[in-house]
Amino acid sequence: MGEGLGIDALLPRDVEVGRLHAEHYESLVRLAGLLLGRRDVAEEVVQDAFASAYERWDRIREPSRRVSYLRSAALNGARKRLRRRHLARRLSPVAGTDPVTPEDSALLSERQRSVLAELRRLPVRQQQCLILRFYEDLSETEISEWLGISRGSVKTHTHRGLRALESRLEGER
């Protein structure tokens with residue numbers, strides 16, 4: 001009678017969310033981290049995405065759409081954080097810089113740091129399109145669905161972002 005709840009007492013949603021977490025958490029954190037520049041903030045955003053998916057589980061009717069929902073929720077959370085950060089910087093007399101963890105620094109070569117620094121200087125929509133296209137390897141159609149913009153806008157933002165990166169990084173060759 002006094003036995004604790006075992007794994008059999010878990011709801012199917014608990015098991016499935018746990019599986020999705022194990023399979024996709026790190027890649028979602030890397031994706032949000034590319035946009036945000038800080039792993040700790042990216043982890044918070046991704047945890048919020050999982051909490052949101054858990055709460056809305058029954059409304060995500062197609063099981064195949066659950067990973068898409070998580071990715072969209074993480075991107076939306078990252079965009080929200082970026083907007084807040086941008087507003088705080090505009091209102092702050094001295095704009096601060098985000099610290100990079102020693103772990104992050106050790107993993108990036110000088111060239112990678114340079115590319116990421118220039119990527120972060122691009123407008124947010126260009127950053128998102130480039131990251132989703134070249135890091136997540138998504139199609140223009142998938143990017144347009146996740147960002148809620150037209151396919152033509154995805155092409156434009158991607159093209160402009162690439163041109164800006166090329167010109168900024170040209171002097172480093």
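At an R0 of 35 angstrom, the distance between the Cβ atoms of Arg168 and Leu11 translates into a FRET efficiency of 0.10.
Dipole magnitude for the stretch 11-93: about 640 debye, using +1 per Lys or Arg Cβ and -1 per Asp or Glu Cβ, origin at the Cα centre.
Converting phi to 3J(HN,Hα) with the Karplus coefficients 6.51, -1.76 and 1.60 and the offset θ = phi - 60°, the stretch 69-74 yields 4, 4, 5, 4, 5, 5 Hz in sequence order, with x at every glycine or proline. Between the stretch 124-173 and the stretch 35-62, the C-alpha centres lie 23 angstrom from each other.
Peptide packing: for 49-60, 146-157, 119-130, the average count of neighbouring Cβ atoms within 10 Å per residue gives the ranking 119-130, 146-157, 49-60, highest mean first. Once you list every other residue whose beta carbon is under 15 Å from the beta carbon of Arg163, what net charge do they have if Lys and Arg are +1 and Asp and Glu are -1? Neighbour charge sum, excluding Arg163 itself: +3.
Every number here is computed from the coordinates shown, using simple stated rules; none is lab data. Note that the coordinates shown come from a computational prediction; the quantities given were computed from them, not determined experimentally. All Cβ positions, glycine included, derive from the backbone under ideal geometry; neighbour counts span all protein chains shown.
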